[in-house]
1. Helix 92-104 sits at what angle to the longest principal axis of the chain, using alpha carbons and giving 0 to 90 degrees rounded to 10?
2. Starting with the fewest neighbours, write out 141, 103 ranked by other beta-carbon atoms found within 10 Å of each beta-carbon.
3. Between residue 19 and residue 56, what length in nm is gained on full extension when 0.36 nm per residue of separation is reduced by their alpha carbon distance?
4. Decide, for region 90-167, between rounded, prolate and oblate: order the square roots of the alpha carbon gyration tensor eigenvalues as a ≥ b ≥ c, take rounded if a/c falls under 1.5, and otherwise choose prolate if a/b is larger than b/c, else oblate.
5. So what's the angle, to the nearest 10 degrees on a 0 to 90 scale, between helix 120-138 and the longest Cα principal axis of the chain?
6. Please compute the length gained on full extension between residue 162 and residue 147, using 0.36 nm multiplied by the number of residues separating them and subtracting their Cα-Cα distance.
7. Only Cα pairs within less than 10 Å get springs; with that Gaussian network setup on the chain, which residue of 40, 52, 21 has the largest fluctuation?
8. If the elastic network links every pair of Cα atoms under 10 Å, which of 153, 132, 42 fluctuates the most in the Gaussian network model of the chain?
């Protein structure tokens with residue numbers, strides 16, 4: 001038989017009253033012990049959760065690498081009309097950014113910040129997040145930054161025309 005350890009627990013008065021009403025005096029310890037054991041069986045161990053999170057992260061990294069390699073080998077091709085830039089947006093601000101880029105065929109960070117009435121650092125972070133999300137899912141980024149001059153704009157963000165869905 002297992003050795004037992006005594007513990008004490010503070011319960012709200014209502015819970016204790018309910019316990020005394022429902023469970024006879026000699027069976028309360030067994031009831032509480034069984035309740036704790038049952039709850040522990042349903043709760044996963046933290047080391048198992050950490051192990052699963054690490055495995056999932058590794059799988060995501062490997063899948064991203066495979067997509068990137070296939071893209072580089074041009075085995076995984078992107079046809080026009082297949083990728084909607086809005087699929088990489090997570091909120092209304094991201095959608096407005098993509099709409100602006102689609103409408104004006106590119107924009108600088110200060111232009112976007114002025115249009116959306118926010119600061120350019122927030123725009124930069126959001127643009128990078130959209131770029132990172134699309135690159136991890138597609139192997140190529142749906143938006144790209146070009147530091148040189150293009151269409152009269154310097155240091156601007158552009159929608160990747162080869163991936164853009166035709167509307």
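No value in this document is a laboratory result; all are computed from the given coordinates. The model shown is predicted, which means the values in this text are computed figures rather than measured ones. Here the Cβ is made from the backbone with ideal geometry for all residues, glycine too, and neighbour counts use every protein chain on show.
1. Helix 92-104 sits roughly 10 degrees off the main axis of the chain.
2. Details: 141 19, 103 10.
Ordered from fewest to most neighbouring Cβ atoms within 10 Å, 141, 103 come out as 103, 141.
3. Working: separation 37, 0.36 × 37 = 13.32 nm, distance 4.26 nm.
Length gained, residue 19 through residue 56: 9.1 nm.
4. Numbers: a/c = 1.44, a/b = 1.14, b/c = 1.27.
Rounded shape, in that the Cα axes give a/c under 1.5.
5. With rounding to tens, the tilt is 80 degrees.
6. On the way: separation 15, 0.36 × 15 = 5.40 nm, distance 1.93 nm.
Taking 0.36 nm per residue and subtracting the Cα distance, the gain is 3.5 nm.
7. 21
8. 42
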